[in-house]
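The values are calculated or read from the model by the stated rules, or taken from the named source; none is laboratory data. Source: prediction; values computed, not measured. Counting neighbours? That spans all protein chains shown, and the Cβs are built from the backbone with ideal geometry, glycine included.
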Ligand SMILES: [Zn+2]
């Protein structure tokens, strides 16, 4: 291998390491916990590391790094719009959004829903998330938990359908929870976005539901398993142990690996017309 190639390879491998070290919003220990506690197959582990280091055969990688002469375009092989690089494939492709990203998001949301409902004694056993069908409304004498349900409001509120909503019937407190699995670089931005998104709904519900308090909790897991420093606090508010971040992270990681595998199964070279 030439010195230049060796250097390039080193640079690429170091990319993820740099992200982790330079992003002050990332909880580095928690982010890396899937490697030791995730129970993920070695093959998937290797594949995820390759995704994190951006050394998978996307069209951009093949054209600019491998310099494969057969690759004429870096347009995404799925949507033919965005540039096909790792970030595009794991978080921005409009062809992958409706099914693949939604499934990944819902799996993370289901794990949280199960834990919340179990803690509040709204359900009495924990079903594995991949077999779990959340009820739109689950309740007991003390709590009501909504799943992906539109909230009736007095004023017009565009964002009126959070992933999960908890109503405490005794204290009249409302907790709005919204989940996101964005590109690693966007995790902090996404947390803020989610809080702003439900501001109007919070205000409206305070009046219409005569709630004593409405809080918005963003649960954001990076597409390749990144954990923000805020997650611990948010899980605490939900009365959940921080340890469940490994489960949430694992669902996000497996979802991302599935998405990327699906794309790479399609030939990178443009089909002759
Ligand atoms: Zn695309």
Members of the stretch 79-95 found to be near the ligand (Cβ under 8 Å from one of its atoms) and out of contact with any helix residue (DSSP H, G or I) (no Cβ under 6 Å at 6 or more places or on another chain), listed by number: 79, 80, 81, 88, 92, 93, 94, 95
Filter pass, residue 71 being surrounded by fewer than 21 Cβ atoms within 10 Å (Cβ to Cβ) and more than 10 Å from the ligand (Cβ to nearest atom): yes
Residue match in the stretch 238-250 (condition: assigned to a loop (DSSP other than H, G, I, E, B), surrounded by 14 or more Cβ atoms within 10 Å (Cβ to Cβ) and assigned by TED's automatic domain parsing to the domain that holds residue 126): yes
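Inspect all residues belonging to the stretch 104-117 and state whether any of them is at pLDDT 95 or above and within 16 Å of the ligand (Cβ to nearest atom).
There is at least one residue in the stretch 104-117 that is at pLDDT 95 or above and within 16 Å of the ligand (Cβ to nearest atom).
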Residue within the stretch 123-131 that is more than 16 Å from the ligand (Cβ to nearest atom), within 17 Å of the chain's Cα centre (by Cα), free of Cβ contacts under 8 Å to residues at least 24 places away in the same chain and part of a helix (DSSP H, G or I) present: yes
Hits in the stretch 26-68 - residues which are more than 16 Å from the ligand (Cβ to nearest atom), free of Cβ contacts under 8 Å to residues at least 40 places away in the same chain and not in a loop (DSSP other than H, G, I, E, B): 28, 29, 35, 36, 42, 43, 45, 46, 49, 50, 64, 66
Qualifying positions in the stretch 20-42 - modelled with pLDDT under 90 and either over 20 Å from residue 188 (Cβ atoms) or loosely packed, with under 11 Cβ neighbours inside 10 Å (or both): 22, 24, 35, 36, 37, 38, 39, 40, 41, 42
Residue in the stretch 83-93 that is in contact (Cβ under 8 Å) with a residue 24 or more places away in the chain, surrounded by 21 or more Cβ atoms within 10 Å (Cβ to Cβ) and touching a strand residue (DSSP E or B) at 6+ places or on another chain (Cβ under 8 Å) present: yes
Condition met for residue 186 (assigned to a loop (DSSP other than H, G, I, E, B) and either modelled with pLDDT under 95 or out of contact with any strand residue (DSSP E or B) (no Cβ under 8 Å at 6 or more places or on another chain) (or both)): no
